[in-house]
């Protein structure tokens, strides 16, 4: 029961609750006596009682809503009158894992055209959501048809029998705990469909459909009254979490009024305690997707689904050549004369084709509809900044509460483009390497697929490592700024409007019509004017961070010298980088060793300690060049760069390296993919390469691709769904000698070549030719062999692996890896590098 502070106190209680209304005047100085209650303009409810001045309403109904008057008559005969406003809301149930509700059985019409929608917020990855059945009228123990929906390991499972025997549909992705989700099940004579969060669609044909026999039984929600029914549902435990709404054949179920029976341990959902309704608006529990609606009557000056937007006001100045008028609901708008449109009458109807729109950096924004999903999401924009100050380019969140919402954003921050994302898994911020330049066009391409993201700026990919789960968008998608009144998550920082022009917006492949957007859903956006010299622009001034560390002299004078150009030469298994010279600016150290005076032939080059540093050996060649021979794990002109596992690594049976799935995509069955590496081992078994299902999903008949050792033989195996292919080497390869491996796969066909041997070929079984894997790429081992490989491999790899290349692209084991454990340098394969310097560089 909620209490809302207002001129008349508001009490919110759910249907079926027992409500206590207390007289606001009780306890006031000098006020005492008999309390009398009345309902304004109506009779008091039938089931009421007054005890110690408190009005008790039992089993509250919708008709009990209204204003109640409290009258206290004192001994002096005077009366004190106060009021209380009772709002009766829906009952939104919260289940603790041992509760249930029962609804009336489905009708024959509903069984013949099954269509159910259920919204929920889970706290556990396992549990029954709903179950119903049709029983044999002559044998109640015989189930003819059934529908069962629930969660198993986070995946949505829909099991059913509509006449042709038991069948199952399972979601492609697991749902995220403590987030709202929506399921729709459709079962018609031709086809069964499971739709999760509006974008994960699973379908299956019905070869036979008969749901007209037997007797329809009750509909169980979140659990069952007895263990026998729970067992028939095929789920092992009741649901834990909130079920906010249920719709059957387009009829919304009221959980307070339509329930037949329920267990006594069901609580009310607490979504209204999360502060999702903004600006002092009233949160009312309701059987809708999110479990509540926001009443803006108490949020003066604000509107929107969450009372998040400030109601725009106008006057004769802001409307330009238009007039400020009132709508029937009391809000204001600019009435534009013929030939003009826009929220400020700033646009001409004659401008049918708008190539670019301009944002003023203060109050401009565009509002696009809420995205259905971020699992398959793409936003492309062509922009031209007129400022490098902190500003917002795009923003969407799970809700309007800035403290708890998940979010996706593109911004300019500290003079660079930045991608910001937050979900229940954590937060990520990716910053571009180059600084933003004013009056320069940029193409931004943000793409999310599954739990991954990719950002390209002018075609250049900005690496975004790691995976974060998606969230269900709860706000509009805002471009270039946000409306007044809306706050963003503090991690995003300042949310100033974009200052500049946007010439193109493409959302999920659909070109946004800028002219239509300006008419319907923009604010203070105008047609872009070409930049002219002398226009005001904002230049970003970097923030100077303070530190507690003592200052050190790091500045070095800049002098004109030569730019080092390197060309690789190989000689006797050593690499020499020959250095050419062109004019450039280089940094000169203050600590350069003092040059020795010399005469004639004594002016030959000399090795000094600063030339090759602590990790290289200096050598003079022909008196004209100096060569730095870098020791193990070091590289660079002065052997100053530490590179222990650049292209080769040692694995001890507990080590592994992880590359992103993006580095080795399996695009189509028609695309030939190849992989190459070299290895060296004396072990008889071990996992070299693995790509399968997600880390937390055990491998049980799913697709995978694997390279490993078995009894000393190399085995290349892959499963596409019809039966695995295994290509096995004829000779053992665990002879502690170096071997080169090359692998190709196109659809079902595979080929393997070891060293310069004959090709080994094979094909997988069945007709499926596409490799569907969801995990990253593991080299040298995996964290959980038994679960991740389904027992296919017993040990991780022991030995050295190097020169890994995916589709011809060589991987840097440090720069390209996104994760790794216990990896060490492979001493045998460290190649010494010599950097050749001439006397012009001294």
* To do: Check the range 667-676 and report whether any residue there is in the same structural domain as residue 793 (by TED's automatic domain parsing), surrounded by fewer than 17 Cβ atoms within 10 Å (Cβ to Cβ) and without any contact (Cβ under 8 Å) to a residue 24 or more places away in the chain.
  => yes
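If I filter the range 410-428 for residues that are farther than 21 Å from residue 463 by Cα and either modelled with pLDDT of 90 or more or over 15 Å from the mean Cα position of the chain (by Cα) (or both), do I get at least one hit?
Applying the first criterion (farther than 21 Å from residue 463 by Cα) to the range 410-428 yields 424.
Then drop every residue that is not either modelled with pLDDT of 90 or more or over 15 Å from the mean Cα position of the chain (by Cα) (or both), which leaves none.
No: zero hits.
For the range 415-470, please list each of the strands (runs of 3 or more DSSP E) lying entirely inside it that holds at least 2 residues being within 22 Å of residue 774 (Cβ to Cβ).
Working: elements: 416-423, 426-431, 442-449, 452-457, 460-462.
Of the strands (runs of 3 or more DSSP E) lying wholly inside the range 415-470, those with at least 2 residues that are within 22 Å of residue 774 (Cβ to Cβ) span 416-423, 426-431, 442-449, 452-457.
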* Members of the range 343-374 that are modelled with pLDDT under 80, in contact with a strand residue (DSSP E or B) (Cβ under 8 Å, 6 or more places away or on another chain), more than 19 Å from residue 498 (Cα to Cα) and not in a strand (DSSP E or B) -> 349, 351
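What do you reckon, is residue 319 outside the structural domain of residue 474 (by TED's automatic domain parsing) and assigned to a strand (DSSP E or B)?
Values: outside the structural domain of residue 474 (by TED's automatic domain parsing): yes; assigned to a strand (DSSP E or B): no.
Considered against the rule, which asks whether it is outside the structural domain of residue 474 (by TED's automatic domain parsing) and assigned to a strand (DSSP E or B), residue 319 comes out as no.
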* Applying the selection to the range 780-796, what residues are at positive phi and in contact with a strand residue (DSSP E or B) (Cβ under 6 Å, 6 or more places away or on another chain)? -> 780, 781
* In this structure, does residue 172 turn out to be more than 28 Å from residue 292 (Cβ to Cβ), in contact with a strand residue (DSSP E or B) (Cβ under 6 Å, 6 or more places away or on another chain), outside any strand (DSSP E or B) and without any contact (Cβ under 8 Å) to a residue 60 or more places away in the chain? -> yes
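So, of the residues in the range 440-454 that are modelled with pLDDT of 90 or more and buried (at least 16 other Cβ atoms within 10 Å of the Cβ), which turns out to be farthest from the chain's Cα centre (by Cα)? Steps first, answer last, please.
Filtering the range 440-454 for residues modelled with pLDDT of 90 or more gives 440-446.
Restricting the remaining residues to those that are buried (at least 16 other Cβ atoms within 10 Å of the Cβ) gives 442, 444-446.
Working: 442: 25, 444: 19, 445: 16, 446: 13 Å.
Applying the filter and picking the extreme gives 442.
One line per residue, one yes/no per condition, for (1) crowded, with 16+ Cβ neighbours inside 10 Å; (2) at pLDDT 95 or above; (3) assigned to a loop (DSSP other than H, G, I, E, B):
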| position | (1), (2), (3) |
| --- | --- |
| 762 | yes, no, no |
| 773 | yes, no, yes |
| 783 | no, no, yes |
| 802 | yes, no, no |
| 816 | yes, no, yes |
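Quick check, is residue 719 in contact with a helix residue (DSSP H, G or I) (Cβ under 9 Å, 6 or more places away or on another chain) and either closer than 26 Å to residue 662 by Cβ or touching a residue at least 12 places away in the same chain (Cβ under 8 Å) (or both)?
Values: in contact with a helix residue (DSSP H, G or I) (Cβ under 9 Å, 6 or more places away or on another chain): no; either closer than 26 Å to residue 662 by Cβ or touching a residue at least 12 places away in the same chain (Cβ under 8 Å) (or both): yes.
Taking the combined requirement at face value, the residue does not satisfy it.
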* Would you pick out the residues in the range 36-91 that are crowded, with 16+ Cβ neighbours inside 10 Å and part of a helix (DSSP H, G or I)? -> 64
* Asked: What about residue 157, is it surrounded by fewer than 18 Cβ atoms within 10 Å (Cβ to Cβ), in a strand (DSSP E or B) and either touching a residue at least 12 places away in the same chain (Cβ under 8 Å) or outside the structural domain of residue 288 (by TED's automatic domain parsing) (or both)?
  -> no
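The rows are residues; the columns are (1) over 32 Å from the mean Cα position of the chain (by Cα); (2) farther than 22 Å from residue 664 by Cα.
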| residue | (1), (2) |
| --- | --- |
| 762 | yes, no |
| 772 | no, no |
| 776 | no, no |
| 780 | no, no |
| 788 | no, no |
| 794 | yes, yes |
| 798 | yes, yes |
| 803 | yes, no |
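Tell me, yes or no, whether the range 330-351 has at least one residue that is under 35 Å from the mean Cα position of the chain (by Cα), within 26 Å of residue 510 (Cα to Cα) and surrounded by fewer than 16 Cβ atoms within 10 Å (Cβ to Cβ). Working first, answer last.
So in the range 330-351, the residues under 35 Å from the mean Cα position of the chain (by Cα) come out as 342-343.
The next check asks that each one be within 26 Å of residue 510 (Cα to Cα); those that pass are 342-343.
Filter once more, keeping what is surrounded by fewer than 16 Cβ atoms within 10 Å (Cβ to Cβ): none.
So far as the range 330-351 goes, no, none of its residues is under 35 Å from the mean Cα position of the chain (by Cα), within 26 Å of residue 510 (Cα to Cα) and surrounded by fewer than 16 Cβ atoms within 10 Å (Cβ to Cβ).
The values are calculated or read from the model by the stated rules, or taken from the named source; none is laboratory data. Note that the structure is predicted; figures quoted are calculated from it, not measured. Backbone-built Cβ (ideal geometry, glycine too); neighbour counts: all protein chains shown.
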